[in-house]
1. Residue under question is A:Leu33, and the condition is that it be outside the structural domain of A:Val270 (by TED's automatic domain parsing) and without any contact (Cβ under 8 Å) to a residue 24 or more places away in the chain; does it hold?
2. Condition test on B:Val11, is it touching a strand residue (DSSP E or B) at 6+ places or on another chain (Cβ under 7 Å), of a type in the set (A, V, I, L, M, F, W, C), without any contact (Cβ under 8 Å) to a residue 40 or more places away in the chain and surrounded by fewer than 22 Cβ atoms within 10 Å (Cβ to Cβ)?
3. In this structure, does B:Tyr228 turn out to be closer than 17 Å to B:Val33 by Cα and within 11 Å of another protein chain (Cβ to nearest Cβ)?
4. Within region B:144-151, identify whether any single residue is under 22 Å from the mean Cα position of the chain (by Cα) and open to solvent by less than 60 Å² (accessible area, probe 1.4 Å), and answer yes or no.
5. Answer yes if at least one residue in region B:251-259 is within 18 Å of the chain's Cα centre (by Cα), of a type outside the set (Lys, Arg) and in a loop (DSSP other than H, G, I, E, B), and no otherwise.
6. Note down all Cβ pairs under 6 Å where the first residue falls in region A:244-255 and is within 7 Å of chain B (Cβ to nearest Cβ) and at negative phi, the second is of a type in the set (D, E, K, R) and open to solvent by 10 Å² or more (accessible area, probe 1.4 Å), and they're at least six residues apart or on different chains.
7. Among the numbered criteria (1) in contact (Cβ under 8 Å) with a residue 24 or more places away in the chain; (2) out of contact with any helix residue (DSSP H, G or I) (no Cβ under 6 Å at 6 or more places or on another chain); (3) within 12 Å of chain A (Cβ to nearest Cβ), which one does B:Arg218 miss?
Amino acid sequence: MTKLVEIRDLRVAFDGVPVLHGIDLDVAPGEALGLVGESGCGKSVTWLAALGLLPEKARVSGSVVLEHRTLSNAPRSELEQVRGGRIAMIFQDPSSALNPVIRIGRQICEALRLHRGLSGKPAQAEALRLMDMVGIPDPRRRFNLYPHEFSGGQCQRLMIAMALAGEPDLLIADEPTTALDATIQAQILDLLATLRRETGMATVFISHDLGAVAQVCERVCVMYAGRIVEAGPVAQLFEAPRHPYTRGLFDAIPRMDGPRTRLIPIDGTVPDPRALPAGCAFAPRCARAQVFCRTERPELLPQTDGRLLACAYPVPTAPAVPQRERVSQ
Amino acid sequence: MTPILEARDLVRIYETREGLFGKVTPVRAVDGVSLAVSPGETLGIVGESGSGKSTLGRMLLGVDPAQGGEVRFGGAPMPERRTPAWRALRARMQMVFQDPLSALDRRLTIADQIREPLDIHRVGTPEERASRVASLMRNVGLRPDQAGRYPHELSGGQRQRVVIARALATDPALLVCDEPVSALDVSIQAQVVNLLRDLQETTGLAMVFISHDLKVVRNLCDRVAVMYLGRIVEEGPAEALFARPQHPYTQALVSSVPVPGRPLDSRIILQGEPPNPAARPSGCAFHSRCPVAEPMCRGAVPGLRVTAPGRASACHLVAGAAPASAA
């Protein structure tokens, strides 16, 4: 497999507290990769660290390679070429990522000037084309509006337009639909899938919403407490999750069909990064944990079916029918 | 059975000004909403931002005044806001919000906060209050050793348990929850949803559950009302409404829920966004985004009509039986 981005042993610590414990991750050209996990699991920090966007106090180690070009410890000027150019990022809250006092057209033109050297009429024409591409109705009339004159969903479309300005090879979308209403969320997911098909850029989709990830990604990594615990093709992971945490995430989601029964929560809470359990970080919340799990930490290892798994006592391979349904049958 | 809570033709109008000296435009945030909640029943209210669902929740408790219509609690009209009678009644109806941290006082221990409603409403002796706090904490799954903790020392899920325990302190007959689990992670969300389920069963509490998360609403609610731009557009039993939505808006809403294994292109993707409530479209407010709208939808406002036993829709194109008695 050719690799667009190769991350090896990426570690991050804030104030001496490690929050990311050695992430190995590859993104292939044109691939749609999902990163799933609960708050604090390190899914966003992974990419902020890879792009050198973390604050000074963060200690980052490991290597990040973008097509033979090492990004880790690269000088700022080189990173700035990559960010927005080769790799673009969009965030959960679009209205705070846009400059409130600059007209939207000018903001997109600025991105075009920085990353493609366009200015004047050609920049304006390209900005209008991008606004049209992300589904802003009547872009010519709205070119000179300010961000507050757009709705949340449209601000996210404008962010995507700015991200596309540098014709990136990789778009990192960090919870891009979390703050949006259900019907608007469906529109943005549809837009991201269409853009990937049309431009051939790779997408990393960071989300806590398993359903959304399943719809736009080909491959998924599940993260817990700063480590990847399971990774594989979407269909494989969703039909037969093997890590008890992945399985727990599925079981905890209420269903839109079938009987309305009690949910199956994951007991306890995510561990404090300052006091991680000795063995597997999930062991204290895991129903399948044995003595081994509390003392030894399982490595992320390839399985015979092609997935990666970090669990000593994984869920047996059976169809992913939630427990409550099996009982009722 | 007499409903514990009954609302008739509720109207709430906000005034917005365009610019500093612009003209004042009235915005009908809630526009003629009628509903009823029986004792022990949970009514779900779903809708997107700006649909008026949160405003409606506050009006049901009398926190926000209504410009039209009336709320009846336990068969009697709701007393005037901020009167002693209203304050006394507030012990019987409580509210839980989305963000537990801002609903809690950072300088008080959680035991003190749970006891506060008992102090305010002068319930029991100090010893009785202390034992009530201990049993409330136990009921919502908080450990006794957490009593002396402060809100910032707890996780998000635990804080929401504190808020729920405090809301339950005065043994209310009605709980209005506004997005109570939306800020929580999936695994913790399931814990709090189960807690609310247990409370339904053990206390016979009636609930109004306001949320944009259809999956949670389906799991927790007996009946559901769908709101669009200040009006109820569809109402019915939770399971039936989500299995066979009648109103085109409900159909799009249900179809927009991402379900693992269902491909993206099988979803109904609505064009555009909810219109500005200050510039409500004529006729059916949904016609500008509706995939099946006909010319008449632009002209006449559809009323909420009974379409099947226990179900009602406000759509010209859904076959109706007779106008709903409530509308």
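The values are calculated or read from the model by the stated rules, or taken from the named source; none is laboratory data. Predicted model only: the values in this text are computed from it and were never measured. With ideal geometry, Cβ positions are generated from the backbone for all residues, glycine too; neighbour counts draw on all protein chains shown. Calculation scope for accessible area: heavy atoms of the full protein, side chains included, ligands and nucleic acids excluded. Shrake-Rupley method; radii C 1.70, N 1.55, O 1.52, S 1.80 Å.
1. no
2. Numbers: touching a strand residue (DSSP E or B) at 6+ places or on another chain (Cβ under 7 Å): yes; of a type in the set (A, V, I, L, M, F, W, C): yes; without any contact (Cβ under 8 Å) to a residue 40 or more places away in the chain: no; surrounded by fewer than 22 Cβ atoms within 10 Å (Cβ to Cβ): yes.
Criteria not met by B:Val11.
3. Criteria met by B:Tyr228.
4. no
5. Taking every residue of region B:251-259 in turn, none turns out to be within 18 Å of the chain's Cα centre (by Cα), of a type outside the set (Lys, Arg) and in a loop (DSSP other than H, G, I, E, B).
6. Cβ pairs passing all conditions: A:Pro254/B:Lys215.
7. (2)
For (1) within 13 Å of the chain's Cα centre (by Cα); (2) open to solvent by less than 60 Å² (accessible area, probe 1.4 Å); (3) small (Gly, Ala, Ser), each residue gets a yes or a no:
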position	(1), (2), (3)
A:Leu35	yes, yes, no
A:Ser39	yes, no, yes
A:Ser44	yes, yes, yes
A:Val60	no, no, no
A:Ser63	no, yes, yes
